[in-house]
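Nothing in this text is a laboratory measurement; each read-out follows from the coordinates by a stated rule. Given the structure is predicted, the values throughout are model-derived calculations rather than measurements. Here the Cβ is made from the backbone with ideal geometry for all residues, glycine too, and neighbour counts use every protein chain on show.
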Amino acid sequence: MTMMTGATTPAHAAEARDAGIECHGLVRVFTAPGVEVQALQGLDLRIDSGELVAIIGASGSGKSTLLTILSGLDTPTAGSVRVAGVDLLALTRRQRIDYQRHTVGFVWQQTSQNLLPYLTTAENVAAVIALAGTARREGRTNRAARVTELLELLHIADVADRLPHELSGGQQQRAAIAVALANTPRVLLADEPTGELDEAASADVLAAMRRVNAELGVTMLIVTHDHTVADHVNRTVRIRDGRTSTETVRSVVRGADGVDEHVAEEFAVLDRVGRLQLPSDYLEALELRDRVRLALESDRIAIFPGDTAPRPSPSSADPDTARAGEEQS
Ligand SMILES: Nc1ncnc2c1ncn2[C@@H]1O[C@H](COP(=O)(O)OP(=O)(O)OP(=O)(O)O)[C@@H](O)[C@H]1O
C-alpha cells in the first residue's frame, strides 16, 4: 500500500480541476433517546467533474448517510459539502428542490423507488423530462427524441413499450439510469445499483454506467458493498467508521512488450490535518493498538508497536552499521 499525499497529486493541479463532489470534515450524528450514533466522523472526499468513482464499505460504515446528504435529502451536523459547485449547506428550500430536479440524478437499489409501475420504460423517462422541463429548456431536441437517445444509450430501446414488471432486473436498473438522466443532471448518485442482480446483469449495468460517464461526461458516484464493482471503475474509495480510509486507483500501463496491462494500486488517504486510517489487517499483524512509535526516515515514516524501540531501516541507518548488520545475519 502506498500513502497518497500532495506529492502524488499537486495541490494546485487538483484545485485547478472542477470538483464534481467535494466534502470536508463531514460529520453526521444521529441522536435518539439515550443513544448517539456518529454515522460520519469527519469524512473528506473529492471527486473531479466527469469522474466515475465507487464508494465501498461494510454495512454501517456510513455510505447511505453520505449519499442522502449528497442528494440533498439530509444535512450534515458539521463540515462542508459542495456538489457541482453548489454549496448544499447554503440552500433555501426552493433552491434545494431545484438542486434535486436539475443538478443530481439518483438510482436506488429497488425498482419501485426508481420507476412508476403503471408507466412503460419510455413513459417513465418522458414523465421526468416533462416534470423538469428540460426538453423545453434545451431547445435543440424534443422530448421524444431525448427519450429515444437515452434508451439507445442504455441499450433498452427494444423494451421502450414494456412496463417495469416486464423487464429483467438488469433492464430495470438501466431504465432507472435513463430516468435519472432525464433531467440532464451534472452528477449521478447510485445506491447499490447492482445489489439485487446476478453477475452478468451487474456487468451490463456497470458497462452502461461507464458508457454514460464517457459519452455524457456526467460525474458518477456508485455506493456499494459489492467488491466486484471496483473492477469496473477507475477509482474506488473505501469508507470505514464514517471516514474515507483507502483508495484504489486503476490505470493502464504499457509494458516493454507493447502489451497494455491493468494495474491497481491501493493508497491510504491522508486528510488535511495529517490523519490516516491504518488497515485492520496491518494493525492485527503487528498487534498495534493504543499507542505506536513513529520514526521519520529520509523517504518514509515508519510505525512501530508502542512497546518496542524504534528500529531504523537499513536505508536510513549509517551505511557501515547497516552493512555490519547484514554481514552478521
Ligand atoms: N436515521 C438514523 N437514525 C439513527 N441512526 C442511523 C440513522 N441512519 C443511519 N444510522 C446509523 O448510522 C450508521 C451508518 O449507517 P448507514 O446507513 O449510513 O451505513 P451504510 O454503510 O449505508 O450501511 P448499509 O450498507 O447496511 O446500508 C449506522 O450505525 C446506522 O445504524
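Annotations
- Local electrostatic count, Q173, Cβ distance below 15 Å [Lys/Arg +1, Asp/Glu -1]: -4
- Peptide ranges 267-273, 90-96 listed from the most packed, as the mean C-beta count within 10 angstrom indicates: 267-273, 90-96
- Cα-only radius of gyration and Dmax that characterise the range 142-265, units Å: 16.4, 52
- The string of couplings for the range 91-96 from the Karplus curve (6.51, -1.76, 1.60, θ = phi - 60°) is 8, 7, 4, 4, 5, 5 Hz, one whole number per residue in order, with x for Gly and Pro.
- The phi-based Karplus calculation (6.51 cos²θ - 1.76 cosθ + 1.60; θ = phi - 60°) puts the 3J(HN,Hα) values of the range 267-272 at 10, 7, 9, 9, 7, 4 Hz, whole numbers, x for Gly and Pro.
- Near E51, the amide H atoms lying under 5 Å from its own belong to M220; only residues 5 or more places off or on other chains count, and H is placed 1.01 Å from N.
- Projected label distance in nm at L116 and R96, using a 7 Å step from Cα toward the beta-carbon: 2.5
- Over the chain, equivalent-ellipsoid semi-axes from the Cα gyration tensor in Å: 43, 23, 18
- If you plug the beta carbon distance of D290 and T228 into 1/(1 + (r/R0)^6) with R0 = 51 Å, you get a FRET efficiency near 0.90.
- Between I303 and D158, the distance separating the two model label sites (each 7 Å from Cα on the Cα→Cβ line) works out to 5.2 nm.
- Packing order of peptides 180-193, 28-41, 283-296, highest average first: 180-193, 28-41, 283-296 (average count of other Cβ atoms within 10 Å over each peptide's residues).
- Segment D48-L216, length gained on full extension (0.36 nm per residue, minus Cα span): 59.0 nm
- Whole-Hz couplings from phi, Karplus 6.51/-1.76/1.60, listed for the range 295-300; x for Gly and Pro: 9, 7, 10, 4, 10, 6
- Annotation: amide H-H contacts under 5 Å for L40 (H modelled 1.01 Å from N, sequence separation of 5 or more, or interchain): R28.
- Amide H contacts for F267 (H built 1.01 Å from N in the peptide plane; partners 5 or more residues away or on another chain; cut-off under 5 Å): T2, E247, T248, V249.
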